[in-house]
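See structure below.
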Amino acid sequence: MSEWRDTTLGDICKINMGQSPKSEHYNYEKQGLPFLQGNRTFGAKYPTFDTYTNVVTKIAEPYDVIMSVRAPVGDVNITPIKMCLGRGVCSLNHNQNEQEFLYYLIRHYSKELINNQNGTVFGCVNYKDIANLKIMYPPLPEQKAIAEVLSSLDDKIDLLSRQNKTLEALASTYFRQWFIEEANDDWEEKQLNKLGKIVCGKTPSTKVTQYFGGNIPFIKIPDMHNKVYVFDANETLSEFGARSQANKTVPPFSINVSCIATVGLVTMNVYPSQTNQQINTIIPFENATRYFLFLFLKSYYEELQALGSGGTMTLNINTTLFGEITLAIPPNNLLKKFNDIVAPLFEKIHGNAKQLNTLKKLRDTLLPKLISGEVRVTV
């Protein structure tokens, strides 16, 4: 690795710290430039924009790398268009115009920024922190090769993610048309607890370290974002830990709903799992109602928000309230017909999600090895 050199981030790119215009200049009608204040609308690789500003302070050019510099520090995206930078983000532009490599480089080294004395989850980083970040820097041809390997994986991940969003939207359209727009007043109303077993999650005692670190997913709200199926979780339980609260284990393809703080996320777990206390799970009594219930709960987002408000600052839907949610149940023949239509869509989503899980693990394994030079690419 003699051709690799030790340097700093400020030596290889231009850093532009954000500065927010006054809020009176913000709008949601796409007037002026799109504006990012922080990482709220960051995507897997590219952000979306819902806020614009007529008064521009700091500008990021198309394909600049965007990084959050205020809690949470270190999230990274690439802006596809010219935009205005708020004080919660900065932009970085590679001196040799190799933006893809810079994106992956910063993704790898952002952990160092988080560990910086100001860069905790409650803190921030400044220009000096970013510019002085120490990095290993390969020659340009190897930068291009590294970026090509990682971006090809991200392209496949993006394609499968977009396919799944389309498939889920199609299933939701069928649900809305059949069971909301064409609903019949004669349909029987039932509570969720009459359609499935309700399980409220629980965290085993953290004082017993042997309860954790096994192969059983322990699902929390961060594991649920932007997913239909949850294959694994950031934290796991051992068999010993799961047995300590065996009544909290939910079987595959149970429906998990976030019910505290971040309310209304809906997923299905792929493997036997447990969840923490922020999640209520329904285990359908009938397989034919699984996708119907999943799509109902997805469509019930605003009602879940209202149900969880209860006059308190933190949204909270307890297990009793969750189980008492009432919905109109169509006749069995209509449910079966609906299930026959949407089941292939969910099977395709599941297959894509399985590929996504594999590709993300491969990318996340390769990224630090490639950026550190542990694994070399042929140039």
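The values are calculated or read from the model by the stated rules, or taken from the named source; none is laboratory data. Here the structure is a predicted model, which means the values were calculated and not measured. No Cβ is skipped: glycine too gets one built from the backbone with ideal geometry, and neighbour counts run over all protein chains shown.
Leu36 falls short of the stated requirement of being more than 28 Å from Lys156 (Cβ to Cβ) and crowded, with 17+ Cβ neighbours inside 10 Å.
Residue selection: Ala183 satisfies the criterion of being part of a loop (DSSP other than H, G, I, E, B) and within 30 Å of Asn339 (Cα to Cα).
The residue list Gln277, Gln210 contains one member that is assigned to a loop (DSSP other than H, G, I, E, B), more than 19 Å from the chain's Cα centre (by Cα) and assigned by TED's automatic domain parsing to the domain that holds Gly310, which is Gln277. A single member of Asn256, Asn247 is assigned to a strand (DSSP E or B), at pLDDT 95 or above and not acidic (Asp, Glu), and it is Asn256.
Output the residue which, of all residues in the stretch 315-340 that are of a type in the set (Val, Ile, Thr) and either without any contact (Cβ under 8 Å) to a residue 12 or more places away in the chain or not in a helix (DSSP H, G or I) (or both), is nearest to Gln278 (Cα to Cα). Walk me through it before giving the result.
Filtering the stretch 315-340 down to residues of a type in the set (Val, Ile, Thr) leaves 317, 319-320, 325-326, 329.
With either without any contact (Cβ under 8 Å) to a residue 12 or more places away in the chain or not in a helix (DSSP H, G or I) (or both) added as a condition, the list becomes 317, 320, 325-326, 329.
Working: Ile317: 9, Thr320: 14, Ile325: 17, Thr326: 21, Ile329: 27 Å.
Top of the filtered list is Ile317.
Taking the stretch 237-249 as the range and being under 16 Å from Gln277 (Cα atoms) and surrounded by 18 or more Cβ atoms within 10 Å (Cβ to Cβ) as the test, the residues that pass are Leu237, Gly241, Ala242, Lys248. Quick check: anything in the stretch 218-238 of a type in the set (A, V, I, L, M) and farther than 27 Å from Glu168 by Cβ? Yes: the stretch 218-238 contains one or more residues that are of a type in the set (A, V, I, L, M) and farther than 27 Å from Glu168 by Cβ.
Screening Asn97 with (1) over 22 Å from the mean Cα position of the chain (by Cα); (2) closer than 17 Å to Leu33 by Cα; (3) of a type outside the set (Gly, Ala, Ser) gives one miss only, at (2). Residues that are within 30 Å of Gly32 (Cβ to Cβ), surrounded by fewer than 22 Cβ atoms within 10 Å (Cβ to Cβ), among the aliphatic types (A, V, I, L, M) and without any contact (Cβ under 8 Å) to a residue 60 or more places away in the chain do not occur anywhere in the stretch 114-137. Mind checking whether some residue in the stretch 43-52 is out of contact with any helix residue (DSSP H, G or I) (no Cβ under 7 Å at 6 or more places or on another chain), over 25 Å from Arg363 (Cα atoms) and not in a loop (DSSP other than H, G, I, E, B)? Within the stretch 43-52 (the criterion being out of contact with any helix residue (DSSP H, G or I) (no Cβ under 7 Å at 6 or more places or on another chain), over 25 Å from Arg363 (Cα atoms) and not in a loop (DSSP other than H, G, I, E, B)), the answer is yes, since at least one residue qualifies. Working only within the stretch 353-379, note down all residues that are farther than 17 Å from Leu102 by Cα and either among the polar types (S, T, N, Q) or not in a loop (DSSP other than H, G, I, E, B) (or both). If the condition is that a residue be farther than 17 Å from Leu102 by Cα and either among the polar types (S, T, N, Q) or not in a loop (DSSP other than H, G, I, E, B) (or both), then Ala353, Lys354, Gln355, Leu356, Asn357, Thr358, Leu359, Lys360, Lys361, Leu362, Thr365, Thr378 are the ones that fit.
Condition first: free of Cβ contacts under 8 Å to residues at least 12 places away in the same chain and small (Gly, Ala, Ser). Now tell me which residues in the stretch 285-314 satisfy that. Of everything in the stretch 285-314, those that are free of Cβ contacts under 8 Å to residues at least 12 places away in the same chain and small (Gly, Ala, Ser) turn out to be Ala306, Ser309, Gly310, Gly311.
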